[in-house]
Amino acid sequence: MRHFLSTLDWSRAELDQLLEASRAHKQARKGRRDLAGKTVALVFFNPSLRTRSSFEIGVFELGGHAVVLEPGKGAWPIEFEDGVEMLGEAEEHVAEVARVLSRYFDLICVRAFPKFVDWARDRTDSVIQAFAKYATVPVLNMETITHPCQELAMLLALREKLGSFEKKKLVLTWTYHPKPLNTAVANSALIAATKMGFDVTLLCPTPEYALDERYMNAARENVSAAGSTFTMSHDIESAYAGAHVVYAKSWGALPYFGKWEGEKPIRDAHKHFIVDEAKMAMTDGAYFSHCLPLRRNVKATDGVVSSERSLVIEEAENRLHVQKAVMCRLLAG
Ligand code: CP
């Protein structure tokens, strides 16, 4: 049984196969019934617009049935620690939840963001790992500390525009946001782009905005295997120069995890990292993308988001197609 928890566990060849399958789903759109008779649990611990819509519609279009569960809202709060005396809010343990859902569903999909208090704890990805430990059916990541479905949607959009990724420069740029955000999409964009052969520049305000070592090291290993390059830069002009793709995301600096008041002055001093027309003009006619949701004129200007080179809507649509491909792959055994 194979889970889809992180693309770190999937080879470049396997990701290529998923992208090919995604393309076939995109072409067929409503003409396939691969999930006929299959049931899918969509377990959301956090809000969503795209993920919830695209999974529900994707399962429906393939002939299956999806049920959305929101623990702590419409479903009982869940305990994830093993061996605890359950006197808190949780009414049941993931050991029972995952095994019961496995009796009802063919696939369990989970969205569980970090708690944003202690990165040492959050980086263990304990919620989805617990589902994977106890479930007897495949478990799929709908965003935790990585966002593998978003990775595939980004790659599909870029493959459609660029064809080959070799010798193409992708800038993963940090942008300002009034709140410190999850590093999931940044982690994912970094590991996906490096694994698939892009020359990647991680542009961020200071060294403190480096991503977790697990992903920085994966990026270094990926480019070594692919024969491409990975650099971290704090210089806007050289980072944008000659870029073919600008991928924007905001995230909180990990050394300040849980002590965000210390990070705020640094973040506030770098509002100029906004993706604007002047920066895009330094590139080699780069495509722009972002996972959405996006605060206009904070992360990127209206002119960039609405430009002909913006892929944000295409990438969002691609969530539907890539998730169909992943679900079919997991349920094919
Ligand atoms: N990009 C993304 O996952 O969007 P939602 O948070 O709306 O699902």
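The values are calculated or read from the model by the stated rules, or taken from the named source; none is laboratory data. Owing to the predicted nature of the structure, the values given are computational and were not obtained by experimental measurement. Here the Cβ is made from the backbone with ideal geometry for all residues, glycine too, and neighbour counts use every protein chain on show. The area values use the complete protein model at the heavy-atom level, side chains included, leaving out ligands, DNA and RNA. Shrake-Rupley method; radii C 1.70, N 1.55, O 1.52, S 1.80 Å.
Remarks
- Centre separation in Å (Cα based) which lies between the range 259-316 and the range 1-49: 28 Å
- Toward the positive end of the charge dipole of the range 148-315, with +1 on the Cβ of Lys and Arg and -1 on the Cβ of Asp and Glu, the farthest Cα among GLY252, SER289, SER164 is that of GLY252.
- Residue-normalised accessible area of the range 10-60, given per residue in Å² at a 1.4 Å probe: 51 Å²
- In a fully extended conformation the segment linking SER238 and LYS167 would gain 23.9 nm over its present Cα-Cα distance, using 0.36 nm per residue.
- Label point 7 Å beyond Cα of SER307 along Cβ direction - residues of the range 261-290 with amide nitrogen under 14 Å: 274-290
- Expressed as a whole percent, the accessible area of the range 148-315 that falls on carbon and sulfur atoms is 53 (1.4 Å probe).
- Count of lysine pairs in the range 123-226 with Cα separation under 21 Å (8 or more residues apart, or interchain): 5
- For the range 148-315, the dipole from Cβ point charges (+1 on Lys and Arg, -1 on Asp and Glu) about the Cα centre works out to 200 debye, to the nearest 20.
- Between 0 and 90°, nearest 10: helix 312-331 axis offset from the chain longest Cα axis: 40 degrees
- Reachable aspartates and glutamates from LYS271, criterion Cα separation under 20 angstrom, eight or more residues apart if same chain: GLU208, ASP235, GLU237, GLU261, GLU263, ASP302
- Charged side chains reduced to their Cβ positions (Lys and Arg at +1, Asp and Glu at -1) give the chain a dipole of some 900 debye around its Cα centre.
- Quarter of the Cα convex hull surface for the range 57-124, i.e. its orientation-mean projected area (nm²): 6.2 nm²
- Solvent exposure of the range 148-315 amounts to 36 Å² per residue of accessible area, where only protein heavy atoms count and the probe is 1.4 Å.
- When both the range 174-188 and the range 83-111 are represented by their alpha-carbon centers, they are found 29 Å apart.
- Within the accessible area of the range 23-130, the carbon and sulfur atoms contribute 51%, probe 1.4 Å, all protein chains present.
- If the chain linking LYS133 and ALA120 were pulled fully straight, counting 0.36 nm for each residue of separation and taking away their Cα-Cα distance, it would gain 2.7 nm.
- Amide proton proximity set for SER233, modelled H, under 5 Å, gap of 5+: LEU202, LEU203, CYS204
- Value of [θ]222 nm, deg cm²/dmol, for the chain, DSSP H segments ≥ 4, -39500 (n - 2.57) each, nearest 500: -11500 deg cm²/dmol
- P(r) tail fraction, the chain - alpha-carbon pairs more than 33 Å apart, %: 26 percent
- Cα-based convex hull, the range 150-235, per residue volume (Å³, whole number): 97 Å³
- Translational D in µm²/s for the range 148-315 (Stokes-Einstein at 4 °C, 1.567 mPa s, Kirkwood Rh from C-alpha pairs): 83 µm²/s
- Note on the range 260-299: along the principal axes its Cα atoms extend 38, 22, 14 Å, ordered by decreasing extent.
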